[in-house]
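Asker: Dropping the structure in here first, questions after.
The values are calculated or read from the model by the stated rules, or taken from the named source; none is laboratory data. Small disclaimer: the values here were computed from a predicted structure and weren't measured. Note that each Cβ is placed from the backbone with ideal geometry, even for glycine, and that neighbours are counted across all protein chains shown. All accessible areas refer to the heavy atoms of the entire protein, side chains included, with ligands and DNA or RNA removed. Shrake-Rupley method; radii C 1.70, N 1.55, O 1.52, S 1.80 Å.
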Amino acid sequence: MQVPAPFEYERATSVDHAIALMERLGSEARVVAGGHSLLPMMKLRLATPEYLIDINDLSAELEYIRIEGAEVRIGALTRHRQLLESDDLAAVLPIFRDAEKVIADPVVRNRGTLGGSLCQADPSEDLSAVCDAVGASCVIRNSSGDRVVSMHDFHRGPYETAVADGEMLTEIRIPLRPGSSSAYHKVERRAGDWAVASAGAAVTMDGDVIADGRVGLCAVGPNLTNVEPISAALRGQAPSEELYALVGQIAADNADPSTDTRGTAAYKTHLAKELTIRSLRKAVARATGQA
Amino acid sequence: MTITEPGVEENANAVPTPDNNLNDQKPTGFGRMLRKEDPRLVRGLGQFCDDVELPGMLHLAILRSPMAHARIVSIDKTAAEAHPKVKAVITGADLAAQNLAWMPTLSNDVQAVLATDKVRFQHQEVAFVVAEDRYSARDALELIDVEYEWIDPVIDVRKALDADAPIIRDDLEGKTNNHCFEWEAGDKDATDAVFADAAENGIIVTEDIVYPRVHPAPMETCGCVADVERVSGKLTLWSTTQAPHAHRTVYALVAGLPEHKIRIIAPDIGGGFGNKVPIYPGYVCAIVASLVIGKPVKWMEDRTENLVSTGFARDYIMRGEIAATKDGKIRAIRTNVLADHGAFNGTAAPVKYPAGFFGVFTGSYDIEAAHAHMDAVYTNKAPGGVAYACSFRITEAVYLIERMVDVLAYDLEMDPAELRLKNFIQPEQFPYMSKTGWLYDSGDYEPAMRKAMDMIGYDELRKEQADKRERGELMGIGIAFFTEAVGAGPRKDMDILGLGMADGCELRVHPTGKAVVRLSVKTQGQGHETTFAQIVAEEIGIPPEDIDVVHGDTDNTPFGLGTYGSRSTPVSGAAAALVARKVRDKAQIIASGMLEASVADIEYEAGTFRVKGDPEKSVTIQDIAMKAHGAGDLPEGLEGGLEAQICYNPENLTYPFGAYICVVDIDSGTAEVKVRRFVAVDDCGTQINPMIIEGQVHGGLTDGVGMALMEMISFDDEGNCLSGSLMDYLIPTAMEVPDWETGHTVTPSPHHPIGAKGIGESATVGSPPAVVNAVVDALKPYGIRHADMPLTPSRVWETMQGNHTPPI
Ligand SMILES: Cc1cc2nc3c(=O)[nH]c(=O)nc-3n(C[C@H](O)[C@H](O)[C@H](O)COP(=O)(O)OP(=O)(O)OC[C@H]3O[C@@H](n4cnc5c(N)ncnc54)[C@H](O)[C@@H]3O)c2cc1C
């Protein structure tokens, strides 16, 4: 049994309470949500926070999926499992179910959260790529109120986000537009493994052309959010295999993966292309009612 | 409660509803029955080492080296000793003062209990702390200050014998290189002559094949509780061991404790696979701690410690060569092996077999000549080379030959099934003496092969494959046909540290006709409490549920060498049958007295003894048991009671075999491999409990898919182990395996009392080449003849690009 270093522990009773605790305790305090990233690191003593603030009692404030008009709002404490199982979410943003089917395993999905995933900011983490593809923004709260940042601004680099000491991520907001759909593809060595590489795509159709399209990539390099040349290449184009190949190549050109036990850099670069093509193909098929 | 996972409908591995009637029968002997141990295990009521709690028990944690090769300059333990909950901090120097710093390995090498001079692999044991609780022990490790001086490590095994390679084992007197041992088998000259002839008149194929380092990774890690009784000095050690009796003797030799003052208890064990055969430094540390402090001490590895420091398996770099005729008759096989044994030679194998039973690399084929040469070397990696579900290196041997046969089929453009059928040893050739000196006891290979081909629909699959290739889709069919040599072993040839590999067994029938059978072997999940009850039941007719199986406690069981290398049924299973026959013989004499007939006139059938020709006159084994212990006279010269004891020394090994066929599909865009189907036809001789056999096969096949597709213990250039968690060292899940299709043929062993051969490792041995052969077959359109394990998507894709590199 791996055992963590000593720490103190408190259960927050409200988001305000959690923020007050964090303000008081400073950089040695960490929020624990599902605990599936933080606790393994603590057991290996790679993370040794002095204080843990448990937010798992805050379901009323932080655990929800709301589809309201032209926007989806998801609370930071929403579990992977809820993202997987929500039919309403799958109807408007099928990319979530695509991704959740291949994120971790049921044990992790039962507890792990959207907020924890984004705040962990692991370069191989899937939901950041998903949120990036669908153009999500993040609501960060501190004692003076909320601020809203784009995924691009949220991600500062591997394991680094815009959430500062004394702050919490509370919500993710995703705009909904008619004629849109999305899809996600991941290659893993085994069920439950982190991505060797993955790609998500979201498109908005305007008749026969792509009015807007975005691709989010995962595990192919640090901070690969908002590949603008991809969006530029897609804008106003009729979908075709040639277009997907072209865009896939842009994804590959922008990827900067490293070789590790999951795969070689060359293979991951290849996957950036291959999985971008597959996701785009599927997203367009879904948006045009062909899938 | 049913939990539905939306979207998982793509997983077509639907589990068939178990046929309860089929498995819940209560046979009087052999046959399907549910496992007697399962009511305990499936309800979480097993008692494992970590469940042992004793009054005043302390906890031990081990400080491990961060470097692969470094001199220990100094160790400062004062801060750790000052921790309020710490009872002791012990270093290698402390142990050296007691002459306990080094211990023998199972291969006549020595291994440091705690490093004294230098560390030789990353995570080697350097010091230990004993504290009041597990947390404090772990906290105190951080207070020990060790200064190391870096030495260049030897990580790439191919450079271990370079002239300028740093010497790892400078503890061994006069050691001037990293050579560990050299080994040879077969007839070099005869083999070379056949190769020379084939070079002119036939064909020679050569391939470099790596079997990467893998780990047994049992779900329960290793550990123990040591309790030295203060007055008598008797040590009781609850320990995760597959071989309690062998361990007792080794402790007596290492720690200098008299053997009658050592009791080893192996409680329930959560998987062994060879990982729990060796004696690890942690066990010795716990014993020393209990001796020094006078309290019980628990040591349990965490997951990382288990993966990075305990016995690995495989790590053979093999060059295989086959000489054959142009029409596909295999004439000779040659191999040269470089074996990575890590920092200490901790291989668990019979002493005269440093390469285990790798000598059976000639496989199931009748050939003219064979030769193997091996250099084993030391590297700065964890020690071991255990029998990880491999029947002593037969896994490597079978992988080599079965991969090479496919390489030959590729070059000859022959169907790999046809090529195998053409070369099999024929039934009338058994007992068959192989060209490397192994006497195969019995075999009938073609029916097993044909059965597997029928079950999978071989010809239709080849047609489907041809169609798919036309369309550019990648589908592969892989075959492996293996023969194992299990059940070590005849004591004239086989011993471990001087202990002969024969097994004792004791059977007592109680007055009311219930019984207890005591074994030396130790289950780690294989179902001994059921199988051995069935073996006894078959012989004396007492129902298996009335027979208690006692094992894993050296004070309460006869001596024997333990469970590994698929030896329990071949050796202890024979002992159980023979001890039951001994009891039956005595019962027959008692029956003759009860029935007033001569012994020769009594016949036995399924628990009842009858007078020949007068079936009305009969007594049951239960009647006899009461008589044996009851009032009244017994036949003259007979002692009371109904019990017996024997020690069984096997005459030969047993040679199970099987035909495995695997079908894979590969996504040509992502190079992901999907195992679509897998048929396993096994022949383990007489079957005791077919349900348990199928369970063993299912487990082994899953294991094989893991090794073929994902498992590998890897290191960076500095010797850091990169596989220290189950997120880094992948083992397969239900999602990666198909619905296993099993079948069998039965070719009994002629020398085993019940004809059984052993099944524990067959599937682990046979499945990796079937999966790899299938993947390579799928890649045929790319001109691929060989690719090494683990065939991860990345490795398959790189192979498709022509960039295959060995996994070293
Ligand atoms: C076996 C295993 C397999 C996995 N496989 C995958 C995979 O395939 N793909 C994938 O994407 N992920 C995978 N994960 C990670 C999983 O998704 C985690 O659950 C997730 O990364 C973190 O969510 P959590 O709620 O558990 O976060 P926690 O571990 O509780 O927290 C993670 C970090 O985020 C911070 N944090 C949490 N919530 C907030 C908040 N609201 N505001 C500010 N900071 C916050 C914490 O302080 C901590 O630093 C895997 C994990 C495991 C254990």
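Asker: Which lysines does B:K295 reach when only Cα atoms under 20 Å apart count, and residues fewer than 8 places away in its own chain are ignored?
Answerer: The reachable lysines, counting only those whose Cα sits under 20 Å from B:K295, are B:K85, B:K87, B:K234, B:K261.
Asker: Now for a different question. Can you pull the Rg over Rh of the stretch B:235-379, Cα-only, Kirkwood? It would help to have the intermediate numbers written out before the result.
Answerer: Numbers: Rg = 20.7 Å, Rh = 18.4 Å.
Radius of gyration over Kirkwood radius for the stretch B:235-379 works out to 1.12.
Asker: Express the relative contact order of the stretch B:132-202 as a whole percentage, based on alpha carbon pairs under 8 Å and six or more residues apart in sequence. Before the final figure, lay out the partial values.
Answerer: Numbers: 26 pairs, mean separation 11.8, N = 71.
Computed over the stretch B:132-202, the figure is 17 percent.
Asker: In whole percent, what relative contact order does chain B give with Cα contacts below 8 Å and a gap of six or more residues? Display every interim value, and only then the final one.
Answerer: On the way: 2043 pairs, mean separation 124.9, N = 808.
Worked out over chain B, it gives 15 percent.
Asker: Along the three principal axes, how long is the stretch B:666-735 when you take its alpha carbons, biggest first, rounded to the nearest angstrom?
Answerer: Principal-axis extents of the stretch B:666-735 (Cα, largest first): 50, 32, 18 Å.
Asker: Another question, if that's okay. To the nearest whole percent, what portion of all C-alpha pairs in the stretch A:136-233 is separated by more than 23 angstrom?
Answerer: Numbers: 1892 of 4753 pairs.
The proportion of pairs with Cα distances above 23 Å equals 40 percent.
Asker: Further question on the same structure: To the nearest 10 square angstrom, how much accessible area does B:M735 have with a 1.4 angstrom probe?
Answerer: Looks like 90 Å² after rounding.
Asker: Quick one: of A:K101/A:K186; A:K43/B:K77; B:K514/B:K627, which pairs are farther than 20 Å apart, Cα to Cα? Working shown, then result.
Answerer: Numbers: A:K101/A:K186 10 Å; A:K43/B:K77 23 Å; B:K514/B:K627 13 Å.
A:K43/B:K77, as the Cα separations exceed 20 Å there.
Asker: Just want the answer: with Cβ charges of +1 for Lys and Arg and -1 for Asp and Glu, which residue in B:P267, B:A246, B:S290 is farthest toward the dipole's positive end in the stretch B:227-298?
Answerer: Going by the Cα projections, it comes out as B:S290.
Asker: What do you get for Rg/Rh over the stretch B:705-808 if you use C-alpha atoms and the Kirkwood form of Rh? Kindly include the intermediate steps, with their values, before the conclusion.
Answerer: Values: Rg = 17.7 Å, Rh = 16.4 Å.
Ratio value, two decimals: 1.08.
Asker: Any idea what diffusion coefficient the stretch A:158-199 gets from Stokes-Einstein, in µm²/s, Kirkwood Rh on alpha carbon pairs, 20 °C, 1.002 mPa s? Mind showing how you got there, number by number?
Answerer: Values: Rh = 14.3 Å.
Approximately 149 µm²/s, per Stokes-Einstein.
Asker: For the stretch B:96-147, what does the alpha-carbon gyration tensor say about shape, rounded, prolate or oblate, given a ≥ b ≥ c as the root eigenvalues, a/c under 1.5 as rounded, and a/b over b/c as prolate? The partial results should precede the final answer.
Answerer: On the way: a/c = 2.19, a/b = 1.84, b/c = 1.19.
Prolate shape, in that a/c is at least 1.5 and a/b is the bigger ratio.
Asker: Starting from one equal scatterer on each C-alpha and no solvent at all, send me the Debye-based log10 I(q)/I(0) for the stretch B:411-505 at q = 0.11, 0.14, 0.15 Å⁻¹, two decimals.
Answerer: Cα-only, vacuum Debye calculation for the stretch B:411-505: -0.54, -0.73, -0.79.
Asker: With charges only on Cβ, +1 for K and R and -1 for D and E, what is the dipole size of the stretch B:95-211 about its Cα centre, in debye, rounded to 20? Could the numbers behind the result be given before it?
Answerer: Details: 9 positive and 26 negative charges, 74 e Å.
The calculation lands at about 360 debye.
Asker: Please get the size of the charge dipole for the stretch A:142-275, origin at its Cα centre, with Cβ charges of +1 on Lys and Arg and -1 on Asp and Glu, quoted in debye to the nearest 20. Can you show the working numbers first?
Answerer: Values: 12 positive and 18 negative charges, 52 e Å.
Dipole about the Cα centre, nearest 20: 240 debye.
Asker: Let me ask something else. Quick one: with all protein chains in place, what share of the accessible area of the protein assembly as shown is carbon or sulfur, to the nearest percent (1.4 Å probe)?
Answerer: Details: 19580 of 39890 Å².
It is 49 percent, rounded to a whole number.
Asker: Further question on the same structure: Ranked from the most accessible area to the least, with a 1.4 Å probe and all protein chains present, what is the order of B:H528, A:H17? Can you show the working numbers first?
Answerer: Numbers: B:H528 10, A:H17 50 Å².
If we order B:H528, A:H17 from most to least accessible, we get A:H17, B:H528.
Asker: Give the Kirkwood hydrodynamic radius (Å, one decimal) of the stretch B:29-139, defined as one over the mean of 1/r across all pairs of different Cα atoms. Please report the intermediate quantities before stating the final value.
Answerer: Numbers: mean 1/r = 0.0588 Å⁻¹.
Computed over Cα pairs of the stretch B:29-139, the Kirkwood hydrodynamic radius comes out at 17.0 Å.
Asker: What ratio of Cα Rg to 2.2 N^0.38 Å holds for the stretch B:315-367?
Answerer: Working: Rg = 14.3 Å, N = 53, 2.2 N^0.38 = 9.9 Å.
Compactness ratio reported: 1.44.
Asker: Right, here's the next one. When the distances between all Cα atoms of the stretch B:622-662 are binned every 10 Å from zero, what whole-number percent does each bin get?
Answerer: Pairs per bin, as whole percents: 20, 25, 15, 18, 13, 8, 1.
Asker: Another question about this same structure. Rank B:M57, A:S258, A:A133 by how far each Cα sits towards the positive end of the charge dipole of the protein assembly as shown (+1 on Lys, Arg Cβ; -1 on Asp, Glu Cβ) and give me just the farthest.
Answerer: In the protein assembly as shown, that residue is B:M57.
Asker: Among B:M219, B:A580, B:F121, which residue has its Cα furthest toward the positive end of the charge dipole of the protein assembly as shown, with +1 on Lys/Arg Cβ and -1 on Asp/Glu Cβ?
Answerer: Value: B:A580.
Asker: Tell me the relative contact order for the stretch B:500-558 as a rounded percent, counting alpha carbon contacts under 8 Å between residues six or more apart. It would help to have the intermediate numbers written out before the result.
Answerer: Details: 89 pairs, mean separation 23.2, N = 59.
Worked out over the stretch B:500-558, it gives 39 percent.
Asker: Under the √(5λ) rule applied to the eigenvalues of the Cα gyration tensor, what semi-axes describe the equivalent ellipsoid of the protein assembly as shown? Give them in Å, descending. Mind showing how you got there, number by number?
Answerer: Values: eigenvalues 535, 276, 195 Å².
Equivalent-ellipsoid dimensions as semi-axes: 52, 37, 31 Å.
Asker: Whole number in Å², please: accessible area per residue of the protein assembly as shown, 1.4 Å probe, ligands, DNA and RNA not counted. Mind showing how you got there, number by number?
Answerer: Values: 39890 Å² over 1099 residues.
In whole numbers, the protein assembly as shown has 36 Å² accessible per residue.
Asker: Report, in whole Å, the centroid distance computed from the Cα atoms of the stretch B:270-325 and the stretch B:408-464.
Answerer: 36
Asker: Here's something else I'd like to know. What are the extents of the Cα atoms of the stretch A:1-116 along their three principal axes, in Å, largest first?
Answerer: Sorted largest first, the three principal extents are 45, 33, 18 Å.
Asker: At q = 0.10, 0.11, 0.14 Å⁻¹, what is the log10 ratio I(q)/I(0) for chain A, with the Debye formula run over Cα points and no solvent?
Answerer: Those come out to -0.52, -0.62, -0.99, one per q.
Asker: Just need log10 I(q)/I(0) for the stretch B:527-578 at q = 0.30 Å⁻¹, Debye formula, equal scatterers on the alpha-carbon atoms, no solvent, rounded to two decimals.
Answerer: Rounded to two decimals, the profile gives -1.29.
Asker: Sticking with this one: For A:S86, tell me the accessible area in Å² from a 1.4 Å probe, rounded to the nearest 10.
Answerer: Looks like 20 Å² after rounding.
Asker: May I pose another question? What order do A:V130, A:V209, A:V107 take when sorted by accessible area (1.4 Å probe), most exposed first? Kindly include the intermediate steps, with their values, before the conclusion.
Answerer: Values: A:V130 0, A:V209 50, A:V107 100 Å².
If we order A:V130, A:V209, A:V107 from most to least accessible, we get A:V107, A:V209, A:V130.
Asker: Oh, and also: Enter the Cα centre distance for the pair the stretch B:59-110 and the stretch A:123-162, rounded to the nearest angstrom.
Answerer: 47
Asker: Shifting gears a bit: From other protein chains only, count the Cβ atoms within 10 Å of every residue's Cβ in A:264-272, then give the mean.
Answerer: Details: counts 7, 1, 5, 11, 2, 0, 7, 6, 0.
Shielding by partners across A:264-272 averages 4.
Asker: Taking each pair of different alpha-carbon atoms in the stretch B:354-397 once, compute 1/r for the pair, average those values, and report the inverse of that mean as the Kirkwood hydrodynamic radius in Å to one decimal. Kindly include the intermediate steps, with their values, before the conclusion.
Answerer: Numbers: mean 1/r = 0.0824 Å⁻¹.
Here the Kirkwood hydrodynamic radius works out to 12.1 Å.
Asker: While we're here: Which value, in Å² and to the nearest 10, is the accessible area of B:T563 when all protein chains are kept and the probe is 1.4 Å?
Answerer: Looks like 10 Å² after rounding.
Asker: Next question. Starting from the exponent 0.38 and prefactor 2.2 Å, build the expected Rg for chain B from its residue count and divide its actual Cα Rg by it. Show your work: numbers first, answer last.
Answerer: On the way: Rg = 27.5 Å, N = 808, 2.2 N^0.38 = 28.0 Å.
For chain B, the normalised Cα radius of gyration comes out at 0.98.
Asker: Here is a further query. Determine Rg/Rh for the stretch B:157-257; Rg is computed over alpha-carbon atoms and Rh is the Kirkwood hydrodynamic estimate from the same atoms.
Answerer: On the way: Rg = 23.9 Å, Rh = 20.2 Å.
My calculation puts Rg/Rh at 1.19.
Asker: Treat the stretch A:226-291 as a sphere of radius equal to its Kirkwood radius over Cα pairs and apply Stokes-Einstein at 10 °C in a medium of 1.306 mPa s; give the translational diffusion coefficient in µm²/s, rounded to a whole number. Before the final figure, lay out the partial values.
Answerer: On the way: Rh = 12.5 Å.
The diffusion coefficient I find is 127 µm²/s.
Asker: Still on this structure, I have one more. Report, ordered by chain and residue number, the lysines lying within cross-link reach of B:K422, taken as a straight Cα distance under 24 Å and ignoring same-chain residues fewer than 8 apart.
Answerer: B:K422 reaches B:K326, B:K329, B:K435, B:K451, B:K463, B:K780.
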